[in-house]
Amino acid sequence: MWRRRWTLVARAARGPRRSGTRQGSGAPAPGSGATIFALSSGQGRCGVAVIRTSGPASGHALRSLTAPRDLPPSRSACLRLLSDPRSGERLDRALVLWFPGPRSFTGEDCAEFHVHGGPAVVSGVLQALGRVPGLRPAEAGEFTRRAFAHGKLSLTEVEGLADLIHAETEAQRRQALRQLDGELGHLCRGWAETLTKATDSEVRELEVALGAHLRDARRGQRLRSGAHVVVAGPPNAGKSSLVNLLSRKPVSIVSPEPGTTRDVLEAPVDLAGFPALLSDTAGLREGVGPVEQEGVRRARQRLEQADLILAVLDASDLASPSSCNFLDTVVGPAGAHSPNGSSQRLLLVLNKSDLLPPGGPDPSPDLPPYLLLSCLSGEGLDGLLEALRKELAEVCGDPSTGPPLLTRTRHQHHLQGCLDALGHYKQATDLALAAEALRVARGHLARLTGGGGTEEILDMIFRDFCVGK
């Protein structure tokens, strides 16, 4: 059988190798000759500000500002007096570092000035660098883009660095660090290597692995952008109080008057280390007017879109018609399994536990598992946060364990393209068609890590970086 002739097929499927830049990156080497500079630390007053340069004139710039001193030893911090190269005016006494290429972040000659963080000092040093011939201000993300072009970072590592800069929760930080460490890139390169010498069984195993990652793709995207957590319940159950408690700020107006919340109020929050978009909704009841009816309609719409529902009931009023109706129409259906075996995630929270007698709520055989909470005293909050952590780890994926997550639509697109190409390979009855299918599959894996990437994709990724990174 010709399918056993894998060496010939694999060699035919391999794309041509490039030279000069990252293999297959499609990104031009930053050979413009320009040396860039920027403030790399945050804006505003601070103890120490970091200004960096990258490019062939970095050494000249460092000498110009520290004259008559010579360049410091490589990768060693030295105290130097900084002066304006034209006027000779003293600017600051700073630590300077010299990173000759290619052993630097960008792969080029780089210099760093660790100056005092006052606005006048930072402005003076930046203006002095701007007067050095061959230097210009950096564009957003240009340092990282040069690191990518010189093969210091793969595209997935660049994305991990961007996510790390924007990480706001512990889970996002962990996921970004794993991607910056190259876990997703290593996995894809391993798969690509498998396709160069694959057997039928290895192709089937790869299809299974790709399918598993694609099924988990939404989890990684939720981890990056935030899970949608909807707080719902009948009027006066304490939904707005719970939203304010979890947000640690007054997001919603709290009032004993039923129907106070009429629209959906949303706030991005850090829930037990995971990012979430928390939605406060109108109390679910038959509206007494057109405005409240619209609020109830929007609340039900949000429930359908929720990744996790926080169902809130008044623990001292479980027998009321509104509570029973909410249990029947929202809590019960959410916990029921759909035909495909899935169910909507829901946590039932019995609020106002401070109003209960010492024995707790009246036991009911129809009441599903619940958490007791008092938004007034905060009792039960730790238990709720732990339950939220477990639920959100399932919804977003646990970045501490398991395989790397797909955090962007681009990742999902290329893995799906690879899987589709493997399907074409299995159906091929001609050696040339089989080789072409393998080449397409490898191409998708290469583009995921930056091989053959178009300028439009690169521009879209690097525009989210700040100037100086």
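Where a number appears in this text, it was derived from the coordinates with a stated rule and is not lab data. If you're wondering where the values come from, they're calculated on a predicted model, not measured in any experiment. Glycine also receives a Cβ, built like all others from the backbone with ideal geometry; neighbour counts cover every protein chain displayed.
Data table
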item	result
Under the Karplus curve 6.51 cos²θ - 1.76 cosθ + 1.60, θ = phi - 60°, whole-Hz ³J(HN,Hα) for region 268-275, x wherever Gly or Pro sits	x, 9, 9, 9, 6, x, 10, x
Segments 187-193, 381-387 sorted - mean Cβ within 10 Å per residue, highest first	187-193, 381-387
Theoretical FRET efficiency, 1/(1+(r/R0)^6), r = Cβ-Cβ of Thr409 and Leu367, R0 51 Å, to 0.05	0.80
Residue-count net charge about His414 - beta-carbon cut-off 12 Å; Lys, Arg +1, Asp, Glu -1	+3
FRET efficiency, 1/(1 + (r/R0)^6) with R0 22 Å, evaluated for Ala212 and Leu433 via beta carbons	0.25
Linear extension gain, Asn325 paired with Leu81, 0.36 nm per residue minus alpha-carbon span	80.4 nm
Ranked by how many other beta carbons lie within 10 Å on average, peptides 170-180, 271-281, 428-438 from highest	271-281, 170-180, 428-438
Label-point gap, in nm, between Asp420 and Ala67 - each point 7 angstrom along Cα→Cβ	6.1 nm
Packing rank of 134-141, 319-326, where each peptide gets the mean count of other beta carbons within 10 Å, highest leading	134-141, 319-326
Under-5 Å amide H pairs with Cys78, H placed in peptide plane, nonlocal only	Val96
